[in-house]
Amino acid sequence: MTLSGKGAVTGIGETAYRGGGDPRSALVLQLEASLAAIADAGLAPRDIDGIVVPMGTGGVVAEDFVTNLGIPDLRFSTVTPLGGAGSVAALQCAVAAVAGGICAHVLIPLGRTGRTGQRIGTRIQQMPQFRTVGEFEAPHGAIAPAQYYAPMARRHMELFGTTSRQLAEIAVTTRAHAILNGNATMTQPITIEDHQASRMIADPLRLLDCSLESDGGAAVVVSAAERARDLRQPRVLVTGMAEGHPDSPSAITQRPDMTRLGLAKAAPRAFAMAGVTPADIDVAEIYDCFTYIVLCQLEDLGFCAKGEGGAFVEGGALGLGGRLPVNTHGGLLSQAHMAGMNHVVELVRQLRGQAGAAQVPDAELGLVTGYGDLGDGTIAIMARG
Amino acid sequence: MTDSMPRKPVPEPSADSRPHWEGLAAGRLLLQRCGACGRVRHYPRPLCDSCHSFAVDWVEASGEAAVHSWTVAHHPFHPAFRPDLPYTLVTADLPEGVRLLAQLRGAGPEALRIGLPLRIGFEENGEGLTLPVFRLRD
Ligand SMILES: [Zn+2]
């Protein structure tokens, strides 16, 4: 049995995204996004019978949705705590649940006060996935993701000649997309020179290589494929999905090949499940906690060979009209950091033809990735249908 | 201790890692070696992922290392490290077959390249914790 085509994303919802100052709790933000996603699907809250919580920000659990939405018969609940890989991991869980007949309509809510609440340097030290680096690396001053990931980027540069200006291409293109979005927190265009002039955070990563910390919520509903036909929106099927964990998943320092992410294991499985190749992809929403992580994933996805990501992204290749439009909503770098749930929402919009000024013409097949913690990778391939 | 004097993160040793930290306190870098198959592993953990033996010996590292990668921290993600900025964090290959992360001493990051030979030293961090540091090998 394959999960390909057994589930569809039937509803998408987002709150307004803010770069801070939202007084509402993570739960309220998740509830608002959830109501929007359920309504978008043409469902009522009582129709939800499954919940996957990718990131229990604010201590939010499935029971909170039962209580607040008045869900009468929740048949399936689980969590996918893979950090930024969790949103796409939740898709796979949801499709498996509806394919297995456990439930019909799975809500996947995400929301956070990433700017107003605890900031990144404080937050991750409390996550169990960071226990190992917390004991052995934090005492040296390796505290935050930028500092854990920067050596991956540095090694890529030393081995393959990748440059900071190539990373800048990703930041600049992503910002241009955010400006088209209408619900992005960053609205001023930037240039490669702006990127090069931005202050160093963790060499070689500059400020404009880093994602935002944001307040907001995003949610989707995944339904059994046959049930999706009767719902309100054009159907978007999940045709390929996979999760992959890098070698030495708890410490990048000890990883045999620091330039290879968990996605390198997951991507071939997802493409095989969907029966497509990277050349078939019309649009890609790629987890962009840092510019380098996008570049590395493009290689691990097979859009180019390992070491060729720098050349691949040059010349606006990731822009609308480029060889592979990437992060057409503005991503974590320039729209908002919703741990990749905003990437899922955007891919569905693109495949429905609802992406407005950022619409990739005739987008029929796309992919979304997640990247979590210290290298976990997830991928979902979706098709209009 | 008040909020105006932030402390650097203090490791909370587990039963598996306590000998490693006790070794550092004595100025020795001790690594776990499987008591059955002899494979050296780091960071400390209960089980040999090669032969699945729980048996552990501790061996002292040679002190040699070679640059694998690095970063230079410029942003104060933790207030206790603000006075140290900028500092260079080096990931280095040890001849024992594992890697070590530590700060670089006595040179700037411009000296670094993959494979550059290093020596492991030890330094008290000002708060009672002894940590390894790297220096360029002459
Ligand atoms: Zn062994």
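What the table below lists for this structure:
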read-out	value
Index of the failed condition, A:C210 passing every other in (1) touching a Gly at 6+ places or on another chain (Cβ under 6 Å); (2) crowded, with 23+ Cβ neighbours inside 10 Å	(1)
Index of the failed condition, A:S4 passing every other in (1) open to solvent by 20 Å² or more (accessible area, probe 1.4 Å); (2) assigned to a helix (DSSP H, G or I)	(2)
Checklist (1) within 13 Å of another protein chain (Cβ to nearest Cβ); (2) more than 24 Å from A:T259 (Cα to Cα) applied to B:T91, failing item	(2)
Boolean, B:P46 is under 23 Å from A:P256 (Cα atoms) and not assigned by TED's automatic domain parsing to the domain that holds B:E110	yes
Given (1) open to solvent by less than 10 Å² (accessible area, probe 1.4 Å); (2) under 12 Å from A:H156 (Cβ atoms), index of the condition A:A270 fails	(2)
B:P19 surrounded by 15 or more Cβ atoms within 10 Å (Cβ to Cβ) and more than 14 Å from the ligand (Cβ to nearest atom)	yes
Test set (1) in a loop (DSSP other than H, G, I, E, B); (2) buried (at least 24 other Cβ atoms within 10 Å of the Cβ); (3) of a type in the set (V, I, T) - A:V368 fails condition number	(1)
Residue, farthest from the other protein chains (Cβ to nearest Cβ), within the stretch B:36-62, restricted to residues that are in a loop (DSSP other than H, G, I, E, B), more than 7 Å from the ligand (Cβ to nearest atom) and among the charged types (D, E, K, R)	B:D49
Any chance B:A25 is open to solvent by 20 Å² or more (accessible area, probe 1.4 Å), away from the ligand (no atom under 16 Å from the Cβ) and either within 13 Å of chain A (Cβ to nearest Cβ) or in contact with a strand residue (DSSP E or B) (Cβ under 7 Å, 6 or more places away or on another chain) (or both)	yes
Sole residue being touching a residue at least 60 places away in the same chain (Cβ under 8 Å), open to solvent by less than 30 Å² (accessible area, probe 1.4 Å) and away from every other protein chain (no Cβ under 14 Å), chosen from A:T185, A:T162, A:T173	A:T173
Residue in the stretch B:109-120 that is within 11 Å of another protein chain (Cβ to nearest Cβ) and in contact (Cβ under 8 Å) with a residue 60 or more places away in the chain present	no
The one condition in (1) in contact with a Leu (Cβ under 8 Å, 6 or more places away or on another chain); (2) open to solvent by less than 10 Å² (accessible area, probe 1.4 Å); (3) not β-branched (V, I, T) that A:A94 fails to fulfil	(1)
Options A:V66, A:V106, A:V98, A:V88; residue that is in a strand (DSSP E or B) and among the β-branched types (V, I, T)	A:V106
B:S69 vs. criteria under 21 Å from A:P249 (Cβ atoms), surrounded by 15 or more Cβ atoms within 10 Å (Cβ to Cβ), within 19 Å of the chain's Cα centre (by Cα) and not hydrophobic (A, V, I, L, M, F, W, C)	yes
So B:E96, is it within 16 Å of the ligand (Cβ to nearest atom) and either on the phi > 0 side of the Ramachandran plot or in the same structural domain as B:R137 (by TED's automatic domain parsing) (or both)	yes
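Matching residues to (1) away from chain B (no Cβ under 14 Å); (2) over 29 Å from A:T253 (Cα atoms); (3) touching a residue at least 60 places away in the same chain (Cβ under 8 Å):
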residue	(1), (2), (3)
A:A96	yes, yes, yes
A:V106	yes, yes, yes
A:P109	yes, yes, yes
A:R119	no, no, yes
A:G134	no, no, no
A:E137	no, no, yes
A:A142	no, no, no
A:A146	no, no, yes
A:Y149	no, no, yes
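Yes/no per residue for (1) surrounded by fewer than 24 Cβ atoms within 10 Å (Cβ to Cβ); (2) not aromatic (F, W, Y):
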{"residue": "A:G58", "(1), (2)": "yes, yes"}
{"residue": "A:F65", "(1), (2)": "no, no"}
{"residue": "A:G70", "(1), (2)": "yes, yes"}
{"residue": "A:V79", "(1), (2)": "yes, yes"}
{"residue": "A:L82", "(1), (2)": "no, yes"}
{"residue": "A:A89", "(1), (2)": "no, yes"}
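Residues checked against (1) without any contact (Cβ under 8 Å) to a residue 60 or more places away in the chain; (2) under 21 Å from A:Q92 (Cβ atoms); (3) of a type in the set (S, T, N, Q):
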| position | (1), (2), (3) |
| --- | --- |
| A:S4 | no, yes, yes |
| A:G7 | no, yes, no |
| A:T10 | no, yes, yes |
| A:G13 | no, yes, no |
| A:A16 | no, no, no |
| A:G19 | no, no, no |
| A:P23 | no, no, no |
| A:L27 | no, no, no |
| A:L31 | no, no, no |
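The values are calculated or read from the model by the stated rules, or taken from the named source; none is laboratory data. The model shown is predicted, which means the values in this text are computed figures rather than measured ones. FYI the Cβ positions are ideal-geometry reconstructions off the backbone, even for glycines, and counts take in every protein chain you see. Protein only, heavy atoms only, side chains kept; ligands, DNA and RNA dropped before computing areas. Shrake-Rupley method; radii C 1.70, N 1.55, O 1.52, S 1.80 Å.
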